[in-house]
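In what follows, a single structure is set out as structure tokens and then discussed.
All of the numbers you see were taken from the coordinates with simple rules; none came from a lab. All values derive from a computational prediction rather than experimental measurement. Here Cβ is always computed from backbone atoms with ideal geometry, including for glycine, and neighbour counts include all displayed protein chains.
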Ligand SMILES: NC(=O)c1ccc[n+]([C@@H]2O[C@H](COP(=O)([O-])OP(=O)(O)OC[C@H]3O[C@@H](n4cnc5c(N)ncnc54)[C@H](OP(=O)(O)O)[C@@H]3O)[C@@H](O)[C@H]2O)c1
């Protein structure tokens, strides 16, 4: 499994159920990396997508503890154990963890790679991504040159996990 996220200088990713910044180029980057893959997300992240709908051209898996929850066009699972069983036969590089805060914190060390868009900004936030620079098992392996859009500076970075944990 691989993770993909956009963070700011505080590793913030969201506020009140929404993303923090609007960067069309980063959305294209996200689409390019995730197209045709299996996406894993928490229930709140699904509900934050446009119209609360799954993303097209990808298999969308949503985790919730609510057994009655239904999401048209998505596979609904109820635990990381169910997730492990469901994705067992999918090549690990084809499974993308796309958020949010709670799912990233639970599953980041089960990922072998993270695509991290780093935005050079700070704003009010209530949702965060684990700070990979503080985690001994994660190594920053590349960062693109800085880009600029909508007055924001950002770069596309990649981290690898030297000690991937099994998904239980
Ligand atoms: N910047 C980015 O790249 C990015 C990406 C994604 C999301 N976000 C932001 O992140 C925020 C959402 O994060 P969040 O932490 O509030 O929500 P979340 O992780 O998307 O979803 C949390 C929900 O997932 C379910 N869940 C979590 N762990 C589970 C488990 N082990 N088994 C079964 N279900 C589980 C629970 O659903 P139930 O309550 O239904 O049981 C939980 O309330 C939003 O602001 C969003 O915009 C940002």
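The listed residues are 13, 4, and the only one of them that is touching a helix residue (DSSP H, G or I) at 6+ places or on another chain (Cβ under 9 Å), assigned to a strand (DSSP E or B) and farther than 20 Å from residue 126 by Cβ turns out to be 4.
So which residues in segment 1-18 are within 11 Å of residue 128 (Cα to Cα) and within 11 Å of the ligand (Cβ to nearest atom), if there are any at all? Don't jump to the end; show me each part of the working.
Residues of segment 1-18 that are within 11 Å of residue 128 (Cα to Cα), as a first pass: 5-15.
The answer is 5, 6, 7, 8, 11, 12, 13, 14, 15.
Checking 64, 45 one by one, the residue that is closer than 29 Å to residue 163 by Cα, without any contact (Cβ under 8 Å) to a residue 60 or more places away in the chain, within 7 Å of the ligand (Cβ to nearest atom) and buried (at least 19 other Cβ atoms within 10 Å of the Cβ) is 45 and no other.
When segment 112-140 is filtered for residues that are within 14 Å of the ligand (Cβ to nearest atom) and in contact with a helix residue (DSSP H, G or I) (Cβ under 9 Å, 6 or more places away or on another chain), the ones remaining, listed by number, are 114, 115, 116, 117, 119, 126, 127, 128, 129, 130, 132.
Would segment 110-131 turn up any residue that is farther than 23 Å from residue 25 by Cβ and without any contact (Cβ under 8 Å) to a residue 40 or more places away in the chain? No, that holds for no residue. Among the residues of segment 78-110 satisfying the criterion of being more than 13 Å from the ligand (Cβ to nearest atom) and under 10 Å from residue 1 (Cα atoms), which is surrounded by the fewest Cβ atoms within 10 Å (Cβ to Cβ)? Per the criteria, the residue is 91. Identify, please: which residue in segment 16-30 is in contact (Cβ under 8 Å) with a residue 24 or more places away in the chain and assigned to a helix (DSSP H, G or I) and is, among those, nearest to the chain's Cα centre (by Cα)? Per the criteria, the residue is 30. Filtered by the rule that a residue be within 20 Å of residue 30 (Cα to Cα), surrounded by fewer than 17 Cβ atoms within 10 Å (Cβ to Cβ) and either free of Cβ contacts under 8 Å to residues at least 12 places away in the same chain or touching a helix residue (DSSP H, G or I) at 6+ places or on another chain (Cβ under 7 Å) (or both), segment 141-167 gives 145, 147, 148, 149, 151.
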